[in-house]
Structures are given as C-alpha cells and as structure tokens.
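Asker: Right, I'll just put the structure down here and ask away after.
No value in this document is a laboratory result; all are computed from the given coordinates. Worth saying up front: this structure is predicted, and the values here are computed from it rather than measured. Every residue, glycine as well, gets a Cβ built from its backbone with ideal geometry; the counts of neighbours run over all protein chains shown.
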Amino acid sequence: MMVDLELDARGLRCPLPILRTKKALATLHSGQRLRVRTTDPGSMKDFSAFARQSGNVLEVARETGEGEYEFVLVRR
C-alpha cells in the first residue's frame, strides 16, 4: 500500500503515539495516507477511537508480530 508519510512511534506510551499522529496528519492534505508503527499494546483501541473522533479513516489496524502494531490512516 502506498503511503505519503511514515511515523515511527515504537517505544512510546500513551498518549504520545496519538499526539504525534495528530501532528503528522496536520501536515498532510485530504486523501493522503499516514503509516504509524507502535509498540504500545493499547494502540489498537486508541487508534480506533482516534479515527472515530477525528473523522480520519483507519484503513489498516493490525498487529505485525513481536508486539508491534501498524496503522494506516487517511487524512479527511
């Protein structure tokens, strides 16, 4: 999947992955994609709630293995 920006939030705990994601999304235009990688186990729940509240589309939310998670959001 083609993405426009990648954010490495591995090693960060809540709320930092979401705060950095919000800041990164602000640099994108509508329809562009952001890929975020995290290690915070609460990320699955956090990114789902963030997408719902912000209106951005969460296209991918998956555990990639070894305690890492990947999310792809589309800027609204």
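Asker: Using the charge dipole of the chain (Lys, Arg: +1 at Cβ; Asp, Glu: -1 at Cβ; taken about the Cα centre), state which of 5, 31, 58 has its Cα farthest towards the positive end.
Answerer: The one lying farthest along the dipole's positive direction is 31.
Asker: Please determine, in degrees from 0 to 90 and to the nearest 10, the orientation of helix 43-54 with respect to the longest principal axis defined by the Cα atoms of the chain, where the helix direction is its Cα long axis.
Answerer: 20
Asker: Mind listing the phi-derived Karplus ³J(HN,Hα) values for the stretch 16-22, rounded to whole Hz, using 6.51, -1.76 and 1.60 with θ = phi - 60°, and x for any glycine or proline?
Answerer: Here the 3J(HN,Hα) series is 4, x, 6, 4, 5, 5, 4 Hz.
Asker: Something else now. Computed from these coordinates, which is Rg and Dmax of the Cα atoms in Å: [x] 11.6, 33; [y] 11.0, 32; [z] 15.1, 47?
Answerer: [y]
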